[in-house]
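Heads up, the thing below is written out as structure tokens.
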Amino acid sequence: MKAWSFSTESHPRAERAEAWREAMGRLGLPIEGLSDGEPAAASVICLTSPLGIEFALVEAGAQTISGRLSGQPAAVWLAVLLHGEATLVTDDLAVGVSTGDIAFGPTGQAAALRLDTRSRLLFVRAPRVALDHRLIKPFNLRVGWLEGSKGVPRILSDLLRGTAEELENLSVDQLRPVDLALTEFLAQCLIEQGAANADALDAATPTSHLQRLCQTIETLLPDPELSLRRVANEEGVSPRYVQKLFASANETFSHYLRLRRLERCRIDLASPQHARLSISEICFRWGFNGSAHFSRAFREQYGQSPREFRQGRERETSPRFQPAAARGASTPDFTVI
């Protein structure tokens, strides 16, 4: 499936403003401040990735993208400015957004992105389910922005800008590696942002410690001998302290470790890039000691065997089995801000 696109230039000039409002509204991007008398040319390209992360590349004149849509699955939205000048506005925030900067926030929280000049930007909506494995005990995420000129935010910004430039030419399958990289870098940025806010209140917050522990576990997943003591040693804390941190999130170390390994295996089983790997090779790749144990755990977690899951994903990616919406019969549902 290729990207869905819309342009006001396909409509008579007198109808362009209304057509643009309708198109953006259907994508969950309500707009304000658009002139009916002299509507500027505007366009959008939209594509949804295999993990359900939605990308919308917007080019438009001065206007405001705002609103808060309820009844939608919990998600985090991002907007990276590719060209132009914009301002992020909330009840207690008004900040200029420079090229490469990333505005972000949770869906359901009111915010507005005001395009002060003709601008080009990429909107992204990442379902929380795609991030929960990295945000085991989420902090209170609020609307904010990341400076895209340094550190991890710069890497995320470069990834998003590169994706925006190629979005029209990408297929859903080609977005799979972007999915994985985006969720990792986004989670890291949000964790750092949350940890910074928490540190301002309490430098020893358990939440920030737990986030760091989860990052360490993620890097050590392939080790079949990974243990609670090994993680504790890596972080310079006691095993009992690690247990208490997981208990504070109503979780245990062993259960969390198994879920993360299962999720990594599930992603590989769904990926064409790993189609040549056997199910056993994939389970050993992420630290399982035996294929029989892995198959039982996978069925318990996802309701089907690894083989059934892989075969189902293969059918879904075959054009003859794609649903009508995937073949372009309807507009993608994109909700942000």
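The values are calculated or read from the model by the stated rules, or taken from the named source; none is laboratory data. Predicted model only: the values in this text are computed from it and were never measured. Every residue, glycine as well, gets a Cβ built from its backbone with ideal geometry; the counts of neighbours run over all protein chains shown.
Can you pull out the residues in the stretch 32-56 that are surrounded by fewer than 22 Cβ atoms within 10 Å (Cβ to Cβ) and in a strand (DSSP E or B)?
Scanning the stretch 32-56 gives Glu32, Ser43, Ile45, Thr48.
Output yes when any residue across the stretch 202-213 is at pLDDT below 90, in contact with a Ser or Thr (Cβ under 6 Å, 6 or more places away or on another chain) and farther than 28 Å from Pro177 by Cα, and no when none is.
yes
For the stretch 244-274, give me each residue that is out of contact with any helix residue (DSSP H, G or I) (no Cβ under 6 Å at 6 or more places or on another chain), of a type in the set (A, V, I, L, M) and either part of a helix (DSSP H, G or I) or crowded, with 16+ Cβ neighbours inside 10 Å (or both).
Once the filter is applied, which keeps residues that are out of contact with any helix residue (DSSP H, G or I) (no Cβ under 6 Å at 6 or more places or on another chain), of a type in the set (A, V, I, L, M) and either part of a helix (DSSP H, G or I) or crowded, with 16+ Cβ neighbours inside 10 Å (or both), the stretch 244-274 yields Ala247, Leu257, Leu259, Ile267.
Working carefully through the options Arg161, Arg154, find the one that is within 20 Å of Gln215 (Cβ to Cβ), touching a Gly at 6+ places or on another chain (Cβ under 8 Å) and surrounded by 14 or more Cβ atoms within 10 Å (Cβ to Cβ). Break it down into steps so the answer makes sense when it comes.
Values: Arg161 fails: within 20 Å of Gln215 (Cβ to Cβ).
Being within 20 Å of Gln215 (Cβ to Cβ), touching a Gly at 6+ places or on another chain (Cβ under 8 Å) and surrounded by 14 or more Cβ atoms within 10 Å (Cβ to Cβ) holds for just one of Arg161, Arg154, which is Arg154.
Residues checked against (1) at pLDDT below 85; (2) under 20 Å from Glu166 (Cβ atoms); (3) among the polar types (S, T, N, Q):
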position	(1), (2), (3)
Ala14	no, no, no
Glu54	no, yes, no
Ser66	yes, no, yes
Gly71	yes, no, no
Ala79	no, yes, no
His83	no, yes, no
Gly100	no, yes, no
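Counting just the residues of the stretch 91-111 that are surrounded by fewer than 20 Cβ atoms within 10 Å (Cβ to Cβ) and under 16 Å from Leu29 (Cα atoms), which one comes out nearest to the chain's Cα centre (by Cα)?
By that ranking, first place goes to Pro106.
Would you mind telling me which numbered condition in (1) assigned to a helix (DSSP H, G or I); (2) under 15 Å from Pro306 (Cβ atoms) Leu277 fails?
It is condition (1) that Leu277 fails.
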